[in-house]
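Laboratory data are not the source of any read-out in this text; all were calculated from the coordinates shown. Given the structure is predicted, the values throughout are model-derived calculations rather than measurements. So basically every Cβ, Gly included, is an ideal-geometry build from the backbone, and we count neighbours across all protein chains shown.
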Amino acid sequence: MLAFQPHRYTRTRDLFEDFTKILNTVDALVLTEVYAAGEEPVAAADSRALARAIRVLGKLEPIYCENVADLPQMLMNVLQDGDVVLNMGAGSINRVPSALLELSKQI
């Protein structure tokens, strides 16, 4: 499972096709909203648009998580024994692994 938070709307716009192609190669994908890093949103360069573009390719059904703070619980709801989560992004997604670990201890 890849949990990915794109960094900056302009970067997402500029690399949109590349992101679509490479993210479509994973087994399972959760996208959080773009970490803006001070930028204003750019039309059609957000994570919802990225999820739609990947879905259209027909291989993968990305999961969209608008608020990265909700991601640990969302992952706990979909992960199965033996799954591995790769957490990628340059923004607030860096807090997810420790939160996920804490949630897993409560089971």
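Looking across region 8-18, just one residue is touching a helix residue (DSSP H, G or I) at 6+ places or on another chain (Cβ under 8 Å) and surrounded by fewer than 20 Cβ atoms within 10 Å (Cβ to Cβ), and that is 16.
Does region 46-69 hold any residues that are in a loop (DSSP other than H, G, I, E, B) and more than 14 Å from the chain's Cα centre (by Cα), and which are they?
Of everything in region 46-69, those that are in a loop (DSSP other than H, G, I, E, B) and more than 14 Å from the chain's Cα centre (by Cα) turn out to be 57, 58, 59.
Taking first residues from region 52-75 that are surrounded by fewer than 14 Cβ atoms within 10 Å (Cβ to Cβ) and partners that are part of a helix (DSSP H, G or I), the Cβ contacts under 7 Å between residues at least 6 apart in sequence or on separate chains come to 61/55; 73/103.
If you filter region 19-36 down to residues that are of a type in the set (A, V, I, L, M) and touching a helix residue (DSSP H, G or I) at 6+ places or on another chain (Cβ under 9 Å), you find that the one that is nearest to residue 73 (Cα to Cα) is 30. The residue that is nearest to the chain's Cα centre (by Cα), among those in region 19-44 that are more than 25 Å from residue 97 (Cβ to Cβ) and not in a loop (DSSP other than H, G, I, E, B), is 20. Against the definition (among the small types (Gly, Ala, Ser), surrounded by 12 or more Cβ atoms within 10 Å (Cβ to Cβ) and under 11 Å from residue 3 (Cβ atoms)), how does residue 28 come out, yes or no? So residue 28 fits the description; yes. Selection of region 86-102 for residues being within 12 Å of residue 1 (Cα to Cα), aliphatic (A, V, I, L, M) and surrounded by 17 or more Cβ atoms within 10 Å (Cβ to Cβ) yields an empty set. Condition test on residue 100, is it part of a helix (DSSP H, G or I), touching a residue at least 40 places away in the same chain (Cβ under 8 Å) and either among the aliphatic types (A, V, I, L, M) or under 20 Å from residue 20 (Cα atoms) (or both)? Taking the combined requirement at face value, the residue does not satisfy it. For residue 3, the requirement of being under 13 Å from the mean Cα position of the chain (by Cα) and either free of Cβ contacts under 8 Å to residues at least 24 places away in the same chain or surrounded by fewer than 18 Cβ atoms within 10 Å (Cβ to Cβ) (or both) is not met.
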